[in-house]
1. At a probe size of 1.4 Å, how large is the accessible area of Trp109, to the nearest 10 Å²?
2. If I stretch the segment between Lys277 and Ser29 completely, what's the gain in nm (0.36 nm per residue apart, minus their alpha carbon distance), one decimal?
3. Can you give the accessible area of Val318, probe radius 1.4 Å, in Å² rounded to 10?
4. If a paramagnetic tag sat 7 Å from the Cα of Lys62 along the Cα-Cβ line, which residues of region 183-210 would have the backbone N under 15 Å from that point?
5. Under a 5 Å amide H to amide H cut-off, with H placed in plane at 1.01 Å, what residues pair with Ile238 once short-range neighbours are removed?
6. Tell me the net charge near Asn89. Cut-off is 11 Å between Cβ atoms, Asn89 excluded, with +1 for each Lys or Arg and -1 for each Asp or Glu.
7. State the extension gain, in nm to one decimal, for the chain segment bounded by Asp18 and Val207, taking 0.36 nm per residue of separation less the distance between their alpha-carbons.
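The values are calculated or read from the model by the stated rules, or taken from the named source; none is laboratory data. This is a predicted model, so every value here is computed, not measured. Note that we place each Cβ from the backbone using ideal geometry, even for glycine, and neighbour counts take in every protein chain shown. Please note that ligands, DNA and RNA were not included when accessible areas were found on the heavy atoms of the full protein model with its side chains. Shrake-Rupley method; radii C 1.70, N 1.55, O 1.52, S 1.80 Å.
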Amino acid sequence: MPVAGRSKRGGTTSTQRDEEIDAWWQIDSLKSIDSTENALLTGASRVVKAFLEDDYIAWFCKADGKTPDELFQTAAVVKAYRQFIDVKNQRNDWDANKLSPCILVEIMWKAHSQLPAYASDMKLLCGRAVQFVDDEDIDDDEAGEEAARVQATVDAIQARCGSVDERVWNACSVSMDRLDICNGEVYCYLRDKTTPFATILEQWAKVDGVNVDDYKYFYGERELKESDTIGSLGSTDIDIDGIPKAQNTPTYVRLVVGDSDCNCSVLKTTPLAGPMKEYANDCGVDRASLVFLWNEQKLYGFETAVQLGMGRFAIIKVLQADSAKNPRCICCNPSTELFKVG
């Protein structure tokens, strides 16, 4: 007979399931995780290994010359990830329109979602499939909506658990990129949201050897002041562009293929053929095998940003030529008989 107040799910009592979930969240020592093959790790230990191998973590460590545990406590991130999954489950936030993770939890969640066992893990932890949702894929109508969702998550965890780890939930990713250098070094810092922008500029200048007064700085279309704090920008993953004051302001052109991207900057009067050819070379393919689109308009390379009316930031999509063919277009199908006369 089942214990009073406990239900059975597929032959397993909720008490047993709770015990299985608790066991899943137990992690091995970092030294043990680092030295063990992925296939031999289980539960959250497998997630931690994937998390520590993520590019973002490598960038954070490189920028500050520190190890992961010198920048943050991995066990604290695991705990925060568990709390996030718990409140997501509690509030049925499967479309990610109510809650958002902080940057460290998002990196861990994404790393977890790319593991083969993710689906079965979520079946155990939430009783259903849970799709990873990148905050960049959510269309926010107003600035600060992402920050509002993160705050809603913090409030939900506070209500459920009594406290949150501010070191984890206040952390933001801040990337510094100079747009006067195509494919130059990008510095990615992990900083508390209360950090003044001036502090990041000071460190960036020392490492990259630049005079910060020679540049203007933008987050999207917003020009930043040194008095701004990271938290005032309304996001936990922030890309800041440095533009030379003395230079004709370049347009930031991002060439996008699926989930990968290649960033470069061009002057508004420079034909786009250069970055298009460079992208093809980086991919190791013939330029003619790719089709470049901006606002669904096909680009040929002779166009410039100013002719197209591009703003300071633009996204150029890249497709394989075969996938971009119009079945009714003679130019796309020169050998195809589309219609007969007579």
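1. Spelled out: Trp109, probe radius 1.4 Å, area about 0 Å².
2. 84.6 nm
3. 10 Å²
4. Zone members listed by number: 183-190, 207-208.
5. Ser173, Val174, Ser175
6. Numbers: positive: Arg82, Lys88, Arg91, Arg128, Arg160; negative: Asp86, Asp93.
Combined, the nearby Lys, Arg, Asp and Glu give +3.
7. 63.2 nm
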